[in-house]
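Every number here is computed from the coordinates shown, using simple stated rules; none is lab data. Everything numeric in this text was worked out from a predicted model, so none of it was measured. A quick note on method: Cβ atoms are made from the backbone with ideal geometry, for glycine too, and the neighbour counts reach across all protein chains shown.
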Amino acid sequence: MGAESAGSGAVSRARRRGVETRSASLPHQSSGRGRARAYAGGRSTAPPRGAVRHPCSTARSREDPGAPMADAPEPILLDLWADIVCPWCYVGRVALDRAISEEGLEGRVHRTLHSFELDPDAPVAGPDGGAGLPTNTEYLREKVGLSPEQIAEGEDRLRALADSLGVPYVDVRPSGSTRSLHRFLQAVQATVGHAAAASFFAALQDGYFSGTLDIFDPVVLAEQARAVGLPAGDAAQLAAEPTSPVGEKAENVVSHDIATARQIGVRGVPYLVVDRQFAAPGAQDVAAYRQLLRRFAD
């Protein structure tokens, strides 16, 4: 089933149940297998924009780690599928972070980051890290088949969005497999915690899109992971040997996240699920995220 039909079904079910959908001004994602649509105008084959009843929505159990303590405000659970090098995930993450801060919900939001690979067949970085990889423009031109004009149009659009958020955005970036990055991310999340994982994810994205960090260098990844609290031994294992016990455990989480995304019909990222009930696919602007969060905070 294509992403459009799967998503439309979720929207139809939501409407039949009387669930209100929410509009957003940036309904854009990067689609898997080639990243083309994010650059060729930004349109995706994702479900229609806004927050809709999630097709796999479940009620919280008493054993749910997100369940509130007595007299404590109800936590807001966010499950976010994203790829670190995805430009729509970058602007969407910045907007979401800002919305959480502006709503004063830092203490209530419990965010779980789920792994997603835009292109599982992307080249794996060698000893030279990002320096040995094709650039994003080379990748889009040679593998995806976009014209220089299409690439420039997409990059200009994304740079304008980044400018509106006050964050840097470089046009030329290394393009390669993000599997090792996701292993580090999931190791941080499992070992140090969700807040540390969010900080690690943000640091990698900020460094990548500003051109100041070679996120394909395992030494750099280990440094960034240690900076948010991952034990040095774990970071060294991940950097040196993906099949180490730490690496295998993280790889299992990455594989599970990707399989879950496929199961629930995720075809592009970012893909946000709120309180395990409502899906907000695509990068939203700050106002839309604030509206969505406010709905669940009340």
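One equal scatterer on each Cα of the stretch 144-298, no solvent, Debye formula: the resulting log10 I(q)/I(0) at q = 0.11, 0.15 Å⁻¹ is -0.55, -1.01.
Ordering Ser180, Ser30 from the fewest to the most neighbouring beta carbons within 10 Å gives Ser180, Ser30. Going by neighbour counts of Cβ atoms within 10 Å, the residues Tyr169, Tyr271 line up, fewest first, as Tyr169, Tyr271. Extending 7 Å from Cα along the Cβ direction at Val172 and again at Asp121 yields two label points whose distance is 2.7 nm.
With a cut-off of 11 Å between beta carbons, the residues surrounding Val246 carry a summed charge of -2, where Lys and Arg count +1 and Asp and Glu -1. Model label points for Glu106 and Arg294, set 7 angstrom from Cα along the Cα-to-Cβ axis, are 2.1 nm apart.
Pairs of Cα atoms nearer than 8 Å and 6+ residues apart set the relative contact order; for the stretch 98-176 it is 35 percent. Distant-in-sequence amide contacts of Asp275, defined by a placed amide H-H separation under 5 Å and a gap of 5 or more residues or a different chain, comprise Leu77, Leu78, Asp79. Within the shell of other residues whose beta carbon sits under 11 angstrom from the beta carbon of Asp128, the net charge comes to -2, with Lys and Arg scored +1 and Asp and Glu -1.
On a per residue basis, the convex hull of the C-alpha atoms belonging to the stretch 90-168 measures out at 133 Å³.
Along the axis of the charge dipole computed for the stretch 158-296 (Cβ charges of +1 for Lys and Arg, -1 for Asp and Glu, origin at the Cα centre), the listed residues Leu158, Tyr271, His182 are led at the positive end by Tyr271. The slack between Asp163 and Ser210, meaning 0.36 nm per residue of separation minus the straight C-alpha distance, is 15.7 nm. Calculated FRET efficiency, Asp156 to Ala240, Cβ-Cβ distance, R0 = 51 Å: about 0.80 to the nearest 0.05. Given their separation in residues at 0.36 nm each and the Cα-Cα distance between them, Ala227 and Ala259 gain 8.6 nm when the chain is fully extended.
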